[in-house]
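Novice: This structure is in structure tokens; I'll ask about it shortly.
The values are calculated or read from the model by the stated rules, or taken from the named source; none is laboratory data. What you see is a predicted model; the values in this text were computed from it and never measured. Cβ placement follows ideal geometry from the backbone for every residue including glycine, while neighbour counts extend to all protein chains displayed.
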């Protein structure tokens, strides 16, 4: 009988100890001064924030421009301009899949690649210009995009209905 009482007392102590830290959070001094005021926001901290070097990016400025070859033409002359901020080797520029291998390019030397691009019966197209290079033994890439042609018309807004209780919902067809 004494053993059973000791076991029950031990169980009660363990249970009380586990519940000690499960109460509501402690009250702050701001909440004591103004108990009905909204709680102050805690600073937003990120656990993913890393100090030190960031992911390296290609040391190259890259721009893309396009102009029609004639006033009502469906062909465009696209110009890709690269200006390295450090020496790059094995530089290759591409416009819409058309490659131009440049080779080694010194810091500050600007180079261009041009191509004629057809709309292909579509009202508009996105054209991608890319630069691939080798910098200090690392392969790096950089890309830019431009839309040629006439931009598509914005989609018509969906009609809305107001229900008797005042709720606004989108019409479904």
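Novice: Among residues belonging to the range 140-150 that are more than 27 Å from residue 106 (Cα to Cα) and surrounded by fewer than 18 Cβ atoms within 10 Å (Cβ to Cβ), point out the one that is modelled with the highest pLDDT.
Specialist: Among them, the one singled out is 147.
Novice: For the range 14-102, list the strands (runs of 3 or more DSSP E) that sit wholly inside it and hold at least 3 residues that are within 23 Å of the chain's Cα centre (by Cα), closer than 30 Å to residue 139 by Cβ and at pLDDT 50 or above; which are they?
Specialist: 60-68
Novice: Pick from the range 58-80 the residues that are under 23 Å from residue 133 (Cα atoms) and free of Cβ contacts under 8 Å to residues at least 40 places away in the same chain: which of them is surrounded by the fewest Cβ atoms within 10 Å (Cβ to Cβ)?
Specialist: Across the range 58-80, the extreme among qualifying residues is 61.
Novice: Now for a different question. Could you check, for the range 155-169, whether at least one of its residues is closer than 30 Å to residue 93 by Cβ, at pLDDT below 90 and outside any loop (DSSP other than H, G, I, E, B)?
Specialist: Checked against the condition, which is being closer than 30 Å to residue 93 by Cβ, at pLDDT below 90 and outside any loop (DSSP other than H, G, I, E, B), the range 155-169 yields no hits at all.
For every residue, the table says whether it meets (1) closer than 30 Å to residue 58 by Cβ; (2) loosely packed, with under 15 Cβ neighbours inside 10 Å.
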position: 86; (1), (2): yes, yes
position: 97; (1), (2): yes, yes
position: 109; (1), (2): yes, yes
position: 117; (1), (2): yes, no
position: 129; (1), (2): yes, no
position: 132; (1), (2): yes, no
position: 138; (1), (2): yes, yes
position: 166; (1), (2): no, yes
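Novice: Can you tell me how many residues within the range 118-151 are farther than 30 Å from residue 90 by Cα and within 24 Å of the chain's Cα centre (by Cα)?
Specialist: Of the residues in that region, 1 qualify.
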